[in-house]
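Here the structure comes first, spelled out in structure tokens, and everything after it is commentary.
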Amino acid sequence: MAVKLVEETPYRFRIDPVDGMRVPGVVFASRRLLPDLSNDQALTQVANVATLPGVVEASYAMPDVHWGYGFPIGGVCATDIDRGGVVSPGGVGFDISCGVRLYTCDLDRSRFAEVVGPVMDGLARVIPRGMGTGGVWTLSGRDQLDAVLRGGSRYAVERGHGVERDLDRCEDFGAVADADPSQVSERAAQRGMKSLGSLGSGNHFLEVQAVDAVLDERLAEAFGLRVNQICVMIHCGSRGLGHQICSDFVARMERVMPAYDIKVPDRQLACAPVTSPEGQAYLGAMAAAANYARANRQMLGQAARQVFEKETGRTLDLLYDISHNLAKIETHVVDGEERRLCVHRKGATRALPPGHPDLPPDLRDVPGVGQPVLIPGSMGTASYVLSGVEGGPAFASTCHGAGRALSRHQAARSVRGAELRRRLEAQGIAVRGASARGLAEETPEAYKDIDAVIEAAAGAGLARPVARLVPVGVVKG
Ligand code: 5GP
Ligand code: MN
Ligand code: MN
């Protein structure tokens, strides 16, 4: 598909419908951040997504958009459930409910500097990482796995791995409804048994950060953030279990598409009607994987909390936990009418407006305070906390990171791991874990400029920046 962009505002670009597109494409970005149309397929993918049955409004791209499996990463698309709308595993991604959680700690940067060694060594000891290394929680069998798949962080907290307040500060209060463990294949379950409470590979991390700047005093206060404060950010997902579920359902939907008379421009967009048996089975399995991912972050957060309590005498308070790879059934007004939609966010996070009933109870009634949005940048640059805003476009969504600028391979060729480690340490960032190659693949230059991405997200009215955080210690997957 030949993609042409029309600049609507400095932060909003449109792709008019051509070749089977049912709705336009809308790209929230700045000129500087736009993918290069001559050698980047990400915007073609935005156009491809606009051909899906039942798609409404537009196929959206966030400022961190980059190429992904079928759907771009940094993409949002919603389909109308009652008008033949489809659900597509590729629109969620392989790492189902991959996401980020952020804890605040009542500790200043200067005080942390005195204990950085023992804290980072403690974290490196308790946080399993890399491929197939086992997890913090060894499950007793399939029954207990199914309890995790149904209960998510809630089940973890019930079993003593965390406190009730953690759940108030989780998207969906810790567990997605309608999980159906019976749709999780034996193979997926096998892969999930041994990795609950583990980071996984390279792009996943546990990072100690310091608040570098407060960008909105009132929101920062509501979120409990102040300058120089120490925070802990965790990024991980559903490990092999989620990956296997995605693979299982891509194959299954590819087989049934002809029966529903669905044609897509790219096989990787394999999908089925939300109301079909295959659509329902996928959503049940996806919800199960989402709960696994949430329990995973809960377990790692609890392990980090224990290290902080032991080494610093201070605990960790959860600010928020948010997914950036998920499909959700939500009601939104489209063309003046309330519709039930299946909103796919892949490499994009939900950003609820102030006053929304799904906000944490203690933030719900604070005027002007929206959902906390967590946007990591890279291990050598900044990360941000934002807030959802009134009337946010793209079904109240925003970006999920800086977004990749270089492939892993390109990144690994651009720098030597040992040299990068020295550079980060010289910048005052303690590095633990990660092989030299793994580190090089994640070099800050592999990602787009996070400050420019946040400026575009704010400029496009997607969310409001609250605080800028910088890394002081990182445990890499
Ligand atoms: P993804 O879920 O697409 O793998 O990654 C989300 C985002 O995390 C990336 O777009 C990137 O901006 C960010 N990121 C990757 N590695 C790190 C890291 O080590 N530290 C921080 N703060 N952010 C990272
Ligand atoms: Mn992931
Ligand atoms: Mn992720």
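The values are calculated or read from the model by the stated rules, or taken from the named source; none is laboratory data. Since we're looking at a predicted model, the values are computed, not measured. Please note: Cβ atoms are built from the backbone with ideal geometry, for glycine as well, and neighbour counts cover all protein chains shown.
When you go through His332, His356 one by one, which is the residue that is more than 16 Å from ligand 3 (Cβ to nearest atom), under 22 Å from Pro72 (Cβ atoms) and in contact (Cβ under 8 Å) with a residue 24 or more places away in the chain?
Criteria check complete, one pass: His332.
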Inset, instruction - Kindly establish whether Ser397 is polar (S, T, N, Q) and surrounded by 19 or more Cβ atoms within 10 Å (Cβ to Cβ). - result: yes
Inset, instruction - Among the candidates Gly93, Gly134, Gly130, single out the residue that is surrounded by fewer than 16 Cβ atoms within 10 Å (Cβ to Cβ), at positive phi and touching a residue at least 40 places away in the same chain (Cβ under 8 Å). - result: Gly134
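Taking Arg154 as the residue in question, decide whether it is surrounded by 14 or more Cβ atoms within 10 Å (Cβ to Cβ), within 12 Å of Asn296 (Cα to Cα), free of Cβ contacts under 8 Å to residues at least 40 places away in the same chain and not hydroxyl-bearing (Ser, Thr, Tyr). Don't jump to the end; show me each part of the working.
Working: surrounded by 14 or more Cβ atoms within 10 Å (Cβ to Cβ): yes; within 12 Å of Asn296 (Cα to Cα): yes; free of Cβ contacts under 8 Å to residues at least 40 places away in the same chain: yes; not hydroxyl-bearing (Ser, Thr, Tyr): yes.
Yes, satisfied.
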Inset, instruction - Note down all Cβ pairs under 6 Å where the first residue falls in the range 225-237 and is free of Cβ contacts under 8 Å to residues at least 60 places away in the same chain, the second is more than 16 Å from ligand 2 (Cβ to nearest atom) and part of a strand (DSSP E or B), and they're at least six residues apart or on different chains. - result: Val227/Val211; Val227/Val214
Inset, instruction - Report whether or not Leu149 is surrounded by 21 or more Cβ atoms within 10 Å (Cβ to Cβ), at negative phi, in a loop (DSSP other than H, G, I, E, B) and under 22 Å from the mean Cα position of the chain (by Cα). - result: no
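Given the condition at positive phi, surrounded by 22 or more Cβ atoms within 10 Å (Cβ to Cβ) and not hydroxyl-bearing (Ser, Thr, Tyr), answer yes or no: does some residue in the range 426-433 qualify? So that I can check it myself, show each step before the final result.
Within the range 426-433, the subset at positive phi is 428, 433.
Of the ones still in play, those that are also surrounded by 22 or more Cβ atoms within 10 Å (Cβ to Cβ) are none.
No, every residue in the range 426-433 fails to be at positive phi, surrounded by 22 or more Cβ atoms within 10 Å (Cβ to Cβ) and not hydroxyl-bearing (Ser, Thr, Tyr).
Search the range 362-386 for residues being of a type in the set (A, V, I, L, M) and assigned to a loop (DSSP other than H, G, I, E, B), and hand back the single one that is nearest to ligand 1 (Cβ to nearest atom).
If we filter the range 362-386 for residues that are of a type in the set (A, V, I, L, M), which is where we start, we get 363, 366, 369, 373-375, 379, 382, 385-386.
Adding the requirement that they be assigned to a loop (DSSP other than H, G, I, E, B) leaves 366, 369, 379, 382.
Details: Val366: 27, Val369: 24, Met379: 3, Ala382: 8 Å.
Only one residue fits best here, namely Met379.
Residue-by-condition table, conditions (1) surrounded by fewer than 22 Cβ atoms within 10 Å (Cβ to Cβ); (2) farther than 15 Å from Ile329 by Cα:
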position: Pro258; (1), (2): yes, yes
position: Leu269; (1), (2): no, yes
position: Val274; (1), (2): no, no
position: Leu283; (1), (2): no, no
position: Ala287; (1), (2): no, no
position: Asn291; (1), (2): no, yes
position: Leu300; (1), (2): no, yes
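Of the residues Gly192, Gly242, which is assigned to a helix (DSSP H, G or I), within 14 Å of ligand 1 (Cβ to nearest atom), more than 28 Å from Arg364 (Cα to Cα) and touching a helix residue (DSSP H, G or I) at 6+ places or on another chain (Cβ under 6 Å)?
Working: Gly192 fails: within 14 Å of ligand 1 (Cβ to nearest atom).
Sole residue among the options that is assigned to a helix (DSSP H, G or I), within 14 Å of ligand 1 (Cβ to nearest atom), more than 28 Å from Arg364 (Cα to Cα) and touching a helix residue (DSSP H, G or I) at 6+ places or on another chain (Cβ under 6 Å): Gly242.
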Legend entry - Checking Arg239 against (1) within 16 Å of ligand 3 (Cβ to nearest atom); (2) more than 22 Å from the chain's Cα centre (by Cα), the condition it does not meet: (2)
Legend entry - Filter result for Val26 (away from ligand 3 (no atom under 16 Å from the Cβ), assigned to a helix (DSSP H, G or I) and out of contact with any Leu (no Cβ under 9 Å at 6 or more places or on another chain)): no
Legend entry - the range 162-201, subset within 16 Å of ligand 2 (Cβ to nearest atom) and on the phi > 0 side of the Ramachandran plot, residue farthest from the chain's Cα centre (by Cα): Gly197
Inset, instruction - Being touching a residue at least 24 places away in the same chain (Cβ under 8 Å) and over 22 Å from Pro128 (Cα atoms) is the filter here, so list the residues in the range 425-435 that pass it. - result: Gln427, Gly428
Inset, instruction - For the range 95-108, state whether one or more residues are out of contact with any Asp or Glu (no Cβ under 9 Å at 6 or more places or on another chain) and farther than 25 Å from Gln244 by Cβ. - result: yes
Legend entry - Among the candidates Val65, Val76, Val56, Val87, residue that is more than 16 Å from ligand 3 (Cβ to nearest atom) and more than 25 Å from Ala295 (Cβ to Cβ): Val56
Inset, instruction - Quick one: Arg464 ticks every box in (1) surrounded by fewer than 19 Cβ atoms within 10 Å (Cβ to Cβ); (2) in contact with a strand residue (DSSP E or B) (Cβ under 7 Å, 6 or more places away or on another chain) except a single one, so which number is it? - result: (1)
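Residue by residue, here is whether (1) more than 18 Å from Leu462 (Cβ to Cβ); (2) among the polar types (S, T, N, Q); (3) under 19 Å from the mean Cα position of the chain (by Cα) holds:
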site	(1), (2), (3)
Pro53	yes, no, no
Glu57	no, no, no
Met62	no, no, yes
Gly68	yes, no, yes
Gly84	yes, no, no
Legend entry - Residue that is farthest from ligand 3 (Cβ to nearest atom) [pool: residues in the range 196-227 that are modelled with pLDDT under 95 and among the polar types (S, T, N, Q)]: Ser201
